[in-house]
Amino acid sequence: MAWFIHLDTHLLELIGTHGDWVYLILFLVIFVETGVIVMPFLPGDSLLFIAGALAAKGWLDPWLLLGLLFCSAVSGDALNFAIGAWFKRRALDTSRIPLVKPEHIEQTHQFFVRHGGKTIILARFVPIVRTLAPFVAALGAMPARVFFTYNVAGGLLWTGSLLLAGYVFGGIPWVSQNLTAVVLGIVLLSVMPALVGWLRQRSKQ
């Protein structure tokens with residue numbers, strides 16, 4: 001938890017100790033967070049923002065970041081979709097997936113009911129739903145070609161907007177001096193839709 005809260009400090013440490021290898025580390029974190037359904041708790045939104053803020057200070061190359069993390073986000077979702085398709089072909093019980101709660105699968109399904117295919121784009125900005133959306137899309141038999149279009153659009157919008165936000169606002173003195181508070185704010189904003197949905201479900205019950 002401490003590592004997550006002080007993400008800016010630890011990312012700087014990684015740059016200092018591993019140099020350009022930090023790009024591979026960032027690629028893998030985003031790839032796993034979007035591609036492995038049992039790892040939805042890894043930093044996504046906040047990591048992109050912090051990376052953009054450090055790029056504004058010259059620690060990272062912004063264009064290299066955008067290209068790598070866009071490819072990471074798209075390939076992660078593609079892997080997730082393939083896993084969902086594998087489960088569907090074998091008619092496996094998704095309630096038995098370790099670390100994945102059945103209610104999270106149902107929550108993502110309801111997200112699809114409300115938003116249709118656009119869920120693949122919108123879910124990019126909602127933790128947990130972001131990780132499960134490609135998996136549930138495959139279970140729901142979304143055509144691979146349709147998924148690919150939404151995947152590319154969503155990956156570009158997600159990585160581009162948060163890297164840009166970090167790049168633009170990270171250079172503001174107050175933001176750079178309070179990055180920990182900003183990261184926590186991003187986390188709260190990210191989980192707000194899921195929290196509101198949970199509260200609505202509880203009120204109906």
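On inspection, residue 176 qualifies as in contact with a Lys or Arg (Cβ under 9 Å, 6 or more places away or on another chain), part of a helix (DSSP H, G or I) and modelled with pLDDT under 65. Cβ-Cβ contacts under 7 Å between residues 6 or more apart (or on different chains), taken from a first residue in region 22-44 that is free of Cβ contacts under 8 Å to residues at least 60 places away in the same chain and closer than 18 Å to residue 136 by Cα to a second residue that is open to solvent by 30 Å² or more (accessible area, probe 1.4 Å) and in a loop (DSSP other than H, G, I, E, B), are listed as 32/39; 32/42.
The values are calculated or read from the model by the stated rules, or taken from the named source; none is laboratory data. Fair warning: this is a prediction, and the values are worked out from it, not measured in the lab. As a convention, Cβ positions derive from the backbone with ideal geometry for all residues, glycine included, and neighbour counts pool all protein chains shown. Each accessible area value is taken on the protein alone, full model and side chains, heavy atoms only, with ligands, DNA and RNA left out. Shrake-Rupley method; radii C 1.70, N 1.55, O 1.52, S 1.80 Å.
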